[in-house]
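Readers should treat all values here as calculations from the given coordinates under stated rules, not as data from a laboratory. In this text, all values refer to a predicted model and were calculated from it rather than measured experimentally. With ideal geometry, Cβ positions are generated from the backbone for all residues, glycine too; neighbour counts draw on all protein chains shown.
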């Protein structure tokens with residue numbers, strides 16, 4: 001899911017950096033000090049998710065769950081994903097600093113889009129499962145598209161590689177859809193305040 | 001599971017002020033990432049190997065790390081030689097290998113590895129706690145640094161909680177496979193991890209407010225730059241400029257030729 005350093009061109013790196021800067025600024029502005037602890041722990045959970053390998057046919061894929069993070073955090077997904085990716089870069093050297101902007105944007109922008117598109121449907125019980133699946137699948141699909149675009153815009157010769165990136169994301173997208181769906185319905189039953197905020201009444205959910 | 005494998009040590013790089021190391025890493029990475037010629041990239045790789053030597057890390061662990069990180073690069077080697085447009089140097093049926101594709105894959109491999117080695121020797125030789133404080137004094141917003149420091153603090157805790165649940169599932173004969181039961185189980189394990197982390201976040205937040213937390217950490221280590229730090233950064237900047245000069249010189253030569 002990461003693009004490593006040394007692949008992308010200067011304009012793409014710069015635009016990714018600027019977009020991530022803007023997204024993070026909005027996310028931090030909307031975030032008050034009381035919620036910092038929650039965002040930080042969700043960022044660590046997101047990091048741990050990337051260590052969980054789920055079997056897929058003969059191989060396995062690791063979880064991404066940016067859709068789940070998006071519906072939970074909204075714009076705060078930007079600082080959370082930025083943090084998780086920075087920690088991955090320092091711990092495992094996946095990604096890097098110059099490409100951090102692009103990698104963050106590729107995952108956080110779909111998360112924010114899911115927040116606006118999908119979150120309203122999570123409140124209603126009959127749409128919840130479908131909305132959960134949509135959040136997981138859409139966010140990974142969009143992340144794949146953004147990743148492919150970053151490659152294709154850097155060098156037109158990357159076009160076939162970019163197409164392969166999108167194709168490779170399709171099975172991941174389905175798994176993420178199911179896992180996000182089950183996680184969302186689980187949270188709605190077990191701890192609805194994570195999904196809907198403090199004032200939610202568990203009985204009416 | 002230990003995440004920070006390289007931060008223990010007493011080498012020159014372990015002792016250098018993290019703020020200077022961050023600045024050095026950004027400057028060198030920028031220059032190497034944007035190299036278009038092999039000469040610049042190889043020079044960059046040389047600089048990062050020298051830094052790795054100075055950091056005196058466990059060679060086998062570094063090698064193992066490099067192997068893992070090169071998986072994305074391996075993907076490029078599978079794709080680029082066959083799909084990048086250019087002169088064909090080898091063909092078998094519909095498969096054609098282009099000279100430009102091989103050259104580009106090679107260039108990316110050198111650049112990416114140079115940057116990874118740089119990263120290991122400059123940034124992974126500090127703890128994230130030190131890097132977080134350094135970032136704050138370099139002007140990164142306070143809230144972002146708090147998120148970084150808190151999530152760094154809780155990654156191991158969250159991971160342990162997840163591992164405990166996964167172990168419990170294994171004891172109950174859960175065997176992962178490609179089916180709906182597996183996906184539901186993973187979702188519930190992860191969901192439970194989320195619930196536990198969430199309540200932990202609330203508890204910790206309350207405990208910190210109770211003790212008068214006002215959004216600032218007071219570190220016991222006041223950062224103070226030594227003359228050595230300035231010399232170090234100076235040398236790195238000269239190296240970065242040398243790589244850039246090499247690049248510019250080469251592109252001028254190409255332009256004239």
Segment A:121-182: translational diffusion in µm²/s, Stokes-Einstein, Kirkwood Rh over Cα pairs, 37 °C, 0.692 mPa s: 267
Compactness of segment B:115-257, expressed as Rg and Dmax over alpha-carbon positions, Å: 23.7, 71
Find how many whole Å separate the alpha carbon centroid of segment B:185-240 from the alpha carbon centroid of segment A:107-175. 30
In whole Å, what is the distance between the alpha-carbon centres of segment B:118-171 and segment A:72-92? 10
Per principal axis, largest first, the Cα atoms of chain B extend in Å by 70, 58, 32
Rounded to whole Å and ordered largest first, report the semi-axes of the equivalent ellipsoid of segment A:10-196 derived from its Cα gyration tensor (root of 5λ). 25, 21, 15
So what is Rg over Rh here for the protein assembly as shown, counting just Cα atoms and using Kirkwood for Rh? 0.98
Give me the angle, in degrees from 0 to 90, between the Cα long axis of helix A:125-154 and the longest principal axis of the Cα atoms of chain A, rounded to the nearest 10. 10
If R₀ is 30 angstrom, what is the calculated FRET efficiency for the pair residue B:68 and residue B:12, using the beta carbon separation as r and rounding to 0.05? 0.70
To two decimal places, what compactness ratio does segment A:101-150 give when its Cα radius of gyration is scaled by 2.2 N^0.38 Å? 1.22
Take each of the peptides A:22-35, B:103-116, average the number of other beta-carbon atoms within 10 Å over its residues, and list them starting from the highest. B:103-116, A:22-35
Per-residue Cβ counts within 10 Å, from other chains only, averaged over A:80-92: what number is that? 6
Take every Cα-Cα pair in segment B:142-210 and report what % of them are more than 16 Å apart. 58
Across peptide B:75-86, how many C-beta atoms of other chains are within 10 Å of each residue C-beta, on average? 4
Modelled FRET efficiency - R0 30 Å, residue B:255 with residue A:9, Cβ distances, 0.05 increments: 0.95
Under a GNM of chain A (C-alpha, springs under 10 Å), which listed residue has the highest mean-square fluctuation: A:121, A:186, A:78? A:186
Other protein chain Cβ atoms within 10 Å, averaged over every residue that makes up B:177-184: 5
Would you mind putting A:173-184, B:29-40, A:149-160, B:244-255 in packing order, based on average other-beta-carbon counts within 10 Å, highest first? A:173-184, B:29-40, A:149-160, B:244-255
Where in segment A:160-192 does the amide nitrogen come within less than 20 Å of the point 7 Å from the Cα of residue B:88, taken along Cα to Cβ? A:160-161
